[in-house]
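Note sheet for the following structure.
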Amino acid sequence: MNNKITSYDAIPYPSIPFPETHPERLCAVAKLFGLDSPAPANARVLELGCSMGGNLIAIAQINPGSRCVGVDASSHQVAEGWKTIDMLGLKNVQLRHLDILNVDDSIGEFDYIISHGVYSWVPARIQEKMLEICHRNLAPNGVAYISYNTYPGWHIRGIIRDMMFYRGMQFSDAETRLAQAKSLVEFVAQAPHTADTPYRQLLQGEFRNLGKMTDYYLHHEFLEEHNQPLYFHEFAQELAVNGLQYLGEAEFSTMISSNFSPDIAKTLNDLGAHDILQMEQYMDFVRCRYFRKTLICRNSIRLNRAIDASVVKDLLLASNAASESDVPDLDPSRRVTYQVQGGGRLTCKSPLTKLALHALRREWPMPVAFTDLLAECRSEAARLGHPADETADEGSLSGDMLTAIGAGVVEWRVTPVAYTTTVAGRPSTSAWARLQAAQGYRAANLRGEFITLDEIHRQTLKHLDGTRSLADLIELSVKALKAGEFVLHPENEKTVIAEETQMRELLHSALGKVLENLARQSFLAARAN
């Protein structure tokens, strides 16, 4: 791994959270398939290829009762991660400079083992070792997460990689190597002799994709020595050899055939013949899938593949899906579509389901227990002249919520959240968010998401340690304005406010809105951090 270590030290990935790898997500997916995995709040978590610990730090802060261990072969990145851990005073996360090949039983047993962006980018012997670790070090009811590049999508992307790698290897400087590699793809994509052939269209599409990717991603995805995709069925076979089995996907909605058109879904179901491994592979063929985020468990566990709607009754639900109207149309003959921006969509007729989706949107990002949601919607339906049938509405709503989960419209979880939408008199955020806001314009919220901040939100967030009132925050902002750290404009005007009285008047209103925004973005802690 020496070449890989050197390149990742020279061009490091930003060490950020990946919410789809967090124990809460893994536990929630496992719950659907009948696996009661350990409670995230007190979980033992191992990350293979932890970099500077950005993902583990987020997990450790959200779950202070957990024990998190990360291993990485880069001593430089581990050392940088320890600096952050020490600044935050975290006691439940540990980073170790250790090659994956040297991980053994002495590291202990873990409830969750995660590895994002490693498996496809290391030699075969390290891939084998990663699965061995999942077998030997995973708790009996534990869940592992491994992401990897897949065929058939990477047959297409592999053409681009081969082209870029061939050109790039002729240059030693990383910046020049990438620039030359991208230029070659552009040249071939635009070469007139190719006319409007499928090959040219493919290259042009991929070149447009390259323009959306960051340089560090391009370096490691297209110019590294190792990048070996595989078919899903091949990965499933490797799991079986190592005493493991496929549990599901961190992105559960990708497992649902009904998210395709009815004709395609029917054919997929016929082809799959009740074999989930075949079904997943056929869906990859249809999607031309590039990448998977796969969850794994021991093969001794008996999973329930016939998911029953009753599982929803024990879940906490959340959704930001919107319809065309802010007022629910409760006419049962009218179909209404709810859609998450940039995400899934669901069309439904049930008055109770419409009320539930509107209620979840009002509460967003806070989750609501299914039992509480059901009671609220029953009461509201009766008040609006659409009384629900109490003998049937629970099953109807749980079924629709399960469908909404599968469509990517409703999120679900099994444990309470660490954030709140209530702005306290002395609001607080996580120590890590404060540190990140002090250092730059991106910070991790308490959902494990990386959020880009503007100046006034950044200035406010870095002071939210639970000791400062709105008046205190106004004073700090006035000092920052006077010091020239940022400027303040009246709404819809370009004039800069320089007079202190005006500053205070404008800040009183502005900071109230800023705190509300930070609450909606899941930055405000429900407990001291």
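Couple of notes before you dig in:
- Every test in (1) surrounded by 14 or more Cβ atoms within 10 Å (Cβ to Cβ); (2) among the small types (Gly, Ala, Ser); (3) in a helix (DSSP H, G or I) is passed by Gly142 save one, and that test is (3).
- Residue check: Cys297 meets all listed conditions (1) assigned to a loop (DSSP other than H, G, I, E, B); (2) in contact with a strand residue (DSSP E or B) (Cβ under 6 Å, 6 or more places away or on another chain) but one, namely (1).
- Single residue of Glu234, Glu238, Glu175, Glu251 found to be in contact with a Lys or Arg (Cβ under 9 Å, 6 or more places away or on another chain) and not hydrophobic (A, V, I, L, M, F, W, C): Glu251
- Meets criteria (under 26 Å from the mean Cα position of the chain (by Cα) and not β-branched (Val, Ile, Thr)) for Leu360: yes
- Scanning segment 458-474 for residues that are surrounded by 23 or more Cβ atoms within 10 Å (Cβ to Cβ) and either touching a strand residue (DSSP E or B) at 6+ places or on another chain (Cβ under 7 Å) or not hydroxyl-bearing (Ser, Thr, Tyr) (or both) yields Leu461, Leu464.
- Selected residue (criterion: surrounded by the fewest Cβ atoms within 10 Å (Cβ to Cβ)) from residues of segment 78-92 that are in contact with a strand residue (DSSP E or B) (Cβ under 9 Å, 6 or more places away or on another chain) and not hydrophobic (A, V, I, L, M, F, W, C): Asn92
- The number of residues in segment 262-287 that are assigned to a helix (DSSP H, G or I) and under 29 Å from the mean Cα position of the chain (by Cα) comes to 18.
- Hits in segment 363-412 - residues which are of a type in the set (Lys, Arg) and either part of a loop (DSSP other than H, G, I, E, B) or out of contact with any Pro (no Cβ under 9 Å at 6 or more places or on another chain) (or both): Arg383
- Identity of the residue in segment 291-311, among the hydroxyl-bearing types (Ser, Thr, Tyr) and closer than 20 Å to Leu239 by Cβ, that ends up surrounded by the most Cβ atoms within 10 Å (Cβ to Cβ): Thr294
- Taken together, the criteria place Gln459 among residues that are outside any loop (DSSP other than H, G, I, E, B) and closer than 30 Å to Leu56 by Cα.
- Residues (surrounded by fewer than 20 Cβ atoms within 10 Å (Cβ to Cβ) and either in contact with a His (Cβ under 9 Å, 6 or more places away or on another chain) or among the hydroxyl-bearing types (Ser, Thr, Tyr) (or both)) located in segment 332-349: Pro332, Ser333, Thr337, Thr347
- Tally of residues being more than 12 Å from Val410 (Cβ to Cβ) and in contact (Cβ under 8 Å) with a residue 24 or more places away in the chain across segment 340-362: 6
- Screening Asp372, Asp314, Asp329, Asp393 for residues that are surrounded by 19 or more Cβ atoms within 10 Å (Cβ to Cβ) and over 14 Å from Val410 (Cβ atoms) leaves exactly one candidate, Asp393.
- Here Glu455 passes the criteria (1) out of contact with any Phe, Trp or Tyr (no Cβ under 7 Å at 6 or more places or on another chain); (2) surrounded by fewer than 17 Cβ atoms within 10 Å (Cβ to Cβ); (3) more than 21 Å from Pro365 (Cα to Cα); (4) not aromatic (Phe, Trp, Tyr) except the one numbered (1).
- Residue in segment 73-85 that is out of contact with any Ser or Thr (no Cβ under 6 Å at 6 or more places or on another chain), touching a residue at least 24 places away in the same chain (Cβ under 8 Å), in a loop (DSSP other than H, G, I, E, B) and polar (S, T, N, Q) present: yes
Just so you know, all these numbers are worked out from the coordinates, no wet-lab data involved. Because the structure is a prediction, the values reported are computed rather than measured. A quick note on method: Cβ atoms are made from the backbone with ideal geometry, for glycine too, and the neighbour counts reach across all protein chains shown.
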